[in-house]
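Below is one structure; the comments refer to it alone.
The values are calculated or read from the model by the stated rules, or taken from the named source; none is laboratory data. Computed from a predicted structure; not experimentally measured. Neighbour counts are summed over all protein chains in view; Cβ atoms, including those assigned to glycine, are modelled from backbone coordinates with ideal geometry. SASA here: full protein model, heavy atoms, side chains in, ligands and nucleic acids out. Shrake-Rupley method; radii C 1.70, N 1.55, O 1.52, S 1.80 Å.
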Amino acid sequence: MAGPEEIDQRGSSSAPPLTIRPARIEDVAAIRDLIADDPVSARREDLSQGALAQYEAAFRRIDAEPSAMLFVAEAGGRLVGTYQLTLTPYLSRGGHLRAAIAAVRVARDLRSRGIGTAMMRHALARAREQGATVAELMSDGERADAHRFYRRLGFEPTHRGFKLKL
């Protein structure tokens, strides 16, 4: 996994320098809080202290998987964003590598300050470095602001996703 990388947030002169780095086990509670801090995720995340062990176990599975990377964005000593990047080889398209970007979150009080853009640029750079030829993401249908954000970055809604709870 790549080490910490300081990101220049052009146009965000009031924001402290942003560092994007691989997540660590001690980040898990803050990551969970970032993930849960929206109306859609708040319905499905468990913020009780007793549930933290489940999130830590999930982190360990992600950390042990070479094709999965969990990153955090840090500014002024605070975790202000997170995302997961997973690389999957496919037989289609001549055997290409696909990058899936998931669980993209920015602290509610710091949205629209370039943090999400910096994280997405970071994710796309990591994906290209690994040889991925396509980047994709899924976003809950209720997240209209996120959809506008992804479109501004050049993502196009080309497929329809389906989900089956197991």
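Quick notes on this structure:
- Any hit, region 151-160, residues being at pLDDT below 90, over 23 Å from Arg21 (Cβ atoms), of a type in the set (Val, Ile, Thr) and not in a helix (DSSP H, G or I): yes
- Matching residues, region 94-124, being open to solvent by less than 20 Å² (accessible area, probe 1.4 Å), free of Cβ contacts under 8 Å to residues at least 40 places away in the same chain, of a type outside the set (Val, Ile, Thr) and under 24 Å from Leu34 (Cβ atoms): Ala99, Gly116, Met120
- Counted residues, region 77-93 - those being in contact (Cβ under 8 Å) with a residue 24 or more places away in the chain and either aromatic (Phe, Trp, Tyr) or surrounded by 11 or more Cβ atoms within 10 Å (Cβ to Cβ) (or both): 8
- If the condition is being open to solvent by less than 100 Å² (accessible area, probe 1.4 Å) and not β-branched (Val, Ile, Thr), then region 153-166 contributes Leu153, Gly154, Phe155, Pro157, Gly161.
- Count of region 125-152 residues which are open to solvent by 60 Å² or more (accessible area, probe 1.4 Å) and either free of Cβ contacts under 8 Å to residues at least 24 places away in the same chain or not polar (S, T, N, Q) (or both): 10
- Single match in Tyr90, Tyr83 (criterion: in contact with a His (Cβ under 7 Å, 6 or more places away or on another chain) and not acidic (Asp, Glu)): Tyr90
- The set of residues in region 123-145 that are in contact with a helix residue (DSSP H, G or I) (Cβ under 9 Å, 6 or more places away or on another chain) and within 15 Å of Pro157 (Cβ to Cβ) comprises Val134, Ala135, Leu137, Ser139, Asp140, Gly141, Glu142, Arg143.
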